[in-house]
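Participant: Before we start, here is the structure in question, set down as structure tokens.
Derivation of every value follows stated rules applied to the coordinates shown; laboratory data play no part. Since the structure is predicted, the reported quantities are computational estimates derived from the model, not experimental observations. Because the Cβ atoms are built from the backbone with ideal geometry, glycine has one as well, and the counts that use them run over all protein chains shown.
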Amino acid sequence: MHPDGPDPMQVAANTHTPAEPPPPPRADGALLADGAALQPMPANLPFSRSYWAMPGRLLAGCYPGDIDREEATIKLSGLLRCGVSHIVNLMEEYELDFLGRLFVDYRPLAEELAAQQGRALTCLRRPIPDMSVPSVEAMRGTLDLLDAIIKGGGVVYLHCLAGIGRTGTVVGCHLVRHGLSGSAALARLRELTRHRSDVFWPTPQTAAQREFVLRWLPGQ
């Protein structure tokens, strides 16, 4: 499924611990500190820490595994329910959690759940160090991969750990590649993640990541 040129993909092998906490109680229409209105979670998401960057084609969000198999099953089943055929992991293979532990590898469970439904699921890795940005060449390769999967009729789930920094950077550059300016892409990300602004904002997470999106060129 990779575009022309050498395939830098590695099969996803790692992943994480605590399950996603429930959103804090709030009334629809409540205001954030900056005056922006909170929004309810869209009905077509697998879990709240996710969003459709390209409706029906590119889903993005947090690490979909968990140290608790039941919680991981809930999240991964949600991805399959949304039609996901490919998971692209932006985490490093030996990335550690906050307690210094390797993240739980969700791939075997994901493939098991897909097989129970008679479906194929492909897990791939495009690692970016946490809180960092990739090289321009690496970003092009990741965007080429996403576009190749989408062009082939696949549905992608793109994730890092929290789904904020690395994921937001890649989604932002993908939006720019397909016609938005960098500033419009950042504004679009803010809108897409409004339903969980308590965890997603700002996205991308760091100034360097946001600057990377602002410097990305349409079509690049």
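Participant: Say a paramagnetic label sat at a point 7 Å from the Cα of E211, along Cα to Cβ; which residues of region 165-204 have their backbone N under 16 Å from it?
Facilitator: Answer for this model: 169, 183, 204.
Participant: Return a whole-number percent for the relative contact order of region 97-220, with Cα pairs under 8 Å and 6 or more residues apart as the contact set. Intermediate values should be presented prior to the final figure.
Facilitator: Working: 118 pairs, mean separation 30.8, N = 124.
So the answer I get is 25 percent.
Participant: Here's something else I'd like to know. Where in region 151-180 does the label zone of S132 land, with the point 7 angstrom along Cα→C-beta and an amide N cut-off under 20 Å?
Facilitator: Answer for region 151-180: 159-173.
Participant: Something else: Could you sort 78-86, 41-49 so that the peptide with the highest average Cβ count within 10 Å comes first and the rest follow in order?
Facilitator: The packing order, highest mean first, is 78-86, 41-49.
Participant: Based on other C-beta atoms within 10 Å, arrange T193, T122, T206 from fewest to most. Walk me through the intermediate numbers first.
Facilitator: Values: T193 26, T122 20, T206 17.
With the sparsest Cβ surroundings first, the list reads T206, T122, T193.
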